[in-house]
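Worksheet: one structure, shown below.
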C-alpha cells in the first residue's frame, strides 16, 4: 500500500532503502518578474553501489550568465518526509510550496528563500497517476517523470555570489525524474512565459526501453486557461513528426480532437550532469532561455491558441534517429 501511495503522489521521494543503482531529482525553475534572471535549482540523490559514489547533490543553472554549478553532499545529509513532499539536503529545504537555500562551497555562495503561490498541479487519478499515465504502475521503467507544478507565482529572494535577486512577482515551474538512467535520446521543452499568461507547455519525446525492445514515447500538456490539453503515447495520440537541426526542433502531435505543433529555438546552453545507472556522470546541454512557438488547433484546423513563449527550457540529447525511426510520415 505504501508503494501505491507514492505512485499517487509523484512529487514525493520515491526511493527505497539501499538501492544499488538509482537517482531521483527535482527541477525548480525560477524566473524573476523582468525575465532577466532565470535560475534552475536541481536537488537530488545518486546511488551507485558498484562505484561506491553515492551522494546527494544540488545543481544550479544561471541562464543569463550561462554557468552551471554542481554541489556534492554526503548522502547522509539527505532526508525526506514520509507523507508529504519535503526533502532536506544539509540545511537546504525543498517542497511543493517553497525552497530554502544555504549553499556555501567551492567558492560559491547561494542563500535565500522563495515561496510558491497558486500552484498548477498535473491531475492525478486512479487510472492516470500523473503525467506518466498508466506507465507509472510499471515497475521496470528505466526512468519515471512527474510534474509538481506547471506554473506558479514566486515570492522571495536569493543572494548568489554577491548578487541580490528578487523573485517577487516572478513565475516558476517544478518537475522531477527518478529511476536508473535518463533515456539514450530525448527532447524536452517547457515554457510558461507566453503572451497569454494563462498558457503553459511541457513536452518530452524519448526512446523508451520496453521488454527487450524500445519505442518512441511522448508526453505533452498545454494549459490554456482552465483547460489542460493532453497528448501522450498512453492516450492513443500520434507523434506525426520530429525534425531537429543544430538550433531548432519541430514536433507535431495529434489525437482524435486536437493537433499540437511545436517549434523550439535553442538559446545559450549550460552543461548539467545526468544519471546513467544511478551515476551522475553524463553531460547534457540545456537552454533555459530558449524560445518556443506553439499552435494548438482542433481537427477542423480552428486555432485554439497560437503564440510564442520565452524563457523556455529546451534539451535535445542523443541520436535523434532513435526517436524518428518509428514515425510514419
(request) Tell me which residues, restricted to the range 1-17, are part of a loop (DSSP other than H, G, I, E, B) and either modelled with pLDDT of 85 or more or buried (at least 18 other Cβ atoms within 10 Å of the Cβ) (or both). (result) 8, 9, 10, 11, 12, 13, 14, 15
(message) Conditions first: (1) within 19 Å of residue 306 (Cα to Cα); (2) surrounded by 14 or more Cβ atoms within 10 Å (Cβ to Cβ). Residue 244 passes all but one, so which condition is the exception?
(response) (1)
(request) For residues that are in a strand (DSSP E or B) and more than 20 Å from the chain's Cα centre (by Cα), scanning just the range 48-60, find the one that is modelled with the lowest pLDDT. (result) 48
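Restricting to the range 119-138, name every residue that is more than 20 Å from residue 227 (Cβ to Cβ) and either touching a helix residue (DSSP H, G or I) at 6+ places or on another chain (Cβ under 7 Å) or surrounded by 21 or more Cβ atoms within 10 Å (Cβ to Cβ) (or both).
129, 132, 134, 135, 136, 137 - these are the residues of the range 119-138 that are more than 20 Å from residue 227 (Cβ to Cβ) and either touching a helix residue (DSSP H, G or I) at 6+ places or on another chain (Cβ under 7 Å) or surrounded by 21 or more Cβ atoms within 10 Å (Cβ to Cβ) (or both).
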(message) Can you report the number of residues in the range 187-208 which are over 12 Å from the mean Cα position of the chain (by Cα) and in contact (Cβ under 8 Å) with a residue 24 or more places away in the chain?
(response) 12
(request) Give the range 61-79 a look and list any residue that's surrounded by 17 or more Cβ atoms within 10 Å (Cβ to Cβ) and part of a strand (DSSP E or B), or say none. (result) 61, 62, 68, 69, 71, 73, 78
(message) Restricting to the range 19-33, and then to whatever is at pLDDT 95 or above and not in a strand (DSSP E or B), can you tell me which residue is surrounded by the most Cβ atoms within 10 Å (Cβ to Cβ)?
(response) 32
(request) Sort out which residues of the range 305-318 are buried (at least 17 other Cβ atoms within 10 Å of the Cβ) and more than 19 Å from the chain's Cα centre (by Cα), and write them in order of number. (result) 305
(request) Residue by residue through the range 84-111, note down the ones that are in a loop (DSSP other than H, G, I, E, B) and in contact (Cβ under 8 Å) with a residue 40 or more places away in the chain. (result) 84, 85, 96
(request) Tell me, please, whether a residue that is buried (at least 21 other Cβ atoms within 10 Å of the Cβ) and closer than 15 Å to residue 186 by Cβ can be found in the range 291-299. (result) no
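How do the strands (runs of 3 or more DSSP E) wholly within the range 139-217 filter down when requiring 1 or more residues that are more than 30 Å from residue 106 (Cβ to Cβ): which remain? Outline the logic, then answer.
Numbers: elements: 143-160, 163-166, 171-179, 186-191, 199-210.
Answer list for the range 139-217: 143-160, 186-191, 199-210.
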(request) Test residue 243 against the criterion of being within 18 Å of the chain's Cα centre (by Cα), more than 21 Å from residue 199 (Cα to Cα), in a strand (DSSP E or B) and at pLDDT 90 or above, and give yes or no. (result) no
(message) For the range 139-182, give me the residue count where each residue is without any contact (Cβ under 8 Å) to a residue 60 or more places away in the chain, crowded, with 21+ Cβ neighbours inside 10 Å and under 29 Å from residue 16 (Cβ atoms).
(response) 1
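The values are calculated or read from the model by the stated rules, or taken from the named source; none is laboratory data. Everything numeric here is computed off the predicted structure, so don't read it as measured data. Here the Cβ is made from the backbone with ideal geometry for all residues, glycine too, and neighbour counts use every protein chain on show.
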